[in-house]
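Report on the structure given below.
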Amino acid sequence: MPSVNTATAGPSGAARMIRLEFAQKAFILDADRLLLVRKAASDPFHPGRWEVPGGRLEVAADLDLDDHIRREVWEEVGIKVDPGPPFHLWQWFMPDLGPPAGERGGQVRVVAAARHCRPASLDVSLEHQTDGDHLADCAWVPLGDLGGFELIPSLRPVMRVFLRLHPPAG
């Protein structure tokens, strides 16, 4: 996937590569329930933690941003969605583990958009996930119960914004 590379000086003064990538996360709401996915034990960053479906843009494959979020949701939970508007933008950094091998040891800066999405169906399945998804489970979670789920750290502030827009009933 093409990305923007930039070098920054690390603590020792040596240049460290940073790749820029774009991601989207789907906040799929059904009445008073949100669809979450749980990372598998094999996930290199957040094993066992929960998040919402979504992932990074495949520049050569995704026709547009709506196609991108539809593809990610289908791969991860096997449902079709009607993408809605973004409601939050944020970023996080992660180690660069992928090719090209010459860039390993650097970082990836991921800029992401959180989007409301309406499900076309509610029957979720993990059977379409790709090798890099590392998902073990998915669940429709009542909004009032979200506090009991250990979310990946970068998603916590986004979830707070989402819950201000969609407060749990009762």
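Read-outs throughout are calculated quantities, based only on the coordinates presented, and are distinct from any laboratory measurement. Note that the structure is a prediction, hence the values are computed from the model and not measured. Here the Cβ is made from the backbone with ideal geometry for all residues, glycine too, and neighbour counts use every protein chain on show.
Need one number: % antiparallel among DSSP beta bridges in the chain, to the nearest 5. Spell out each step's value before the answer.
Details: 32 of 44 bridges.
Approximately 75 percent, going by the DSSP bridge assignments.
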Using the alpha carbon gyration tensor of region 38-82, what are the three equivalent-ellipsoid semi-axes (square root of 5 times each eigenvalue), largest first, in whole Å?
22, 12, 7
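Can you tell me how much longer the chain between Trp92 and Met17 gets when fully stretched, taken as 0.36 nm per residue apart minus their C-alpha distance, in nm with one decimal? Write down the numbers at each step before the final one.
Details: separation 75, 0.36 × 75 = 27.00 nm, distance 1.53 nm.
So the chain would gain 25.5 nm between Trp92 and Met17.
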Using the crude model of +1 on Lys and Arg Cβ and -1 on Asp and Glu Cβ, and no other charge, please compute the dipole size for region 103-166 relative to its Cα centre, in debye to 20.
540
When all alpha-carbon pairs of region 71-151 are counted, what percent fall beyond 14 Å?
75
What's the extension gain from Ala41 to Phe149 if we count 0.36 nm per residue and subtract their Cα-Cα distance?
37.3 nm
With the crude spin-label approximation of a point 7 Å out along Cα→Cβ, what separation in nm comes out for Val161 versus Val141?
1.8
Taking the Cα atoms only, what angle lies between the long axis of helix 156-165 and the longest principal axis of the chain, rounded to 10 degrees?
40
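Length gain on complete extension for the stretch Ala60 to Trp74, per 0.36 nm per residue less the alpha carbon to alpha carbon distance? Walk me through the numbers before you get to the answer.
On the way: separation 14, 0.36 × 14 = 5.04 nm, distance 1.80 nm.
Separation in residues times 0.36 nm, less the Cα-Cα distance, equals 3.2 nm.
If you wrap a convex hull around the C-alpha atoms of the chain and split its volume per residue, what is the figure in Å³?
Details: hull volume 20.8 nm³, N = 170.
That works out to 122 Å³ per residue.
Quick one: order Met159, Met94 by neighbouring beta-carbon count within 10 Å, fewest to most.
Starting with the residue having the fewest Cβ neighbours, the order is Met94, Met159.
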Under a point-charge model restricted to the Cβ atoms of Lys and Arg (+1) and Asp and Glu (-1), what is the dipole moment magnitude of the chain relative to its Cα centre, in debye to the nearest 20?
680
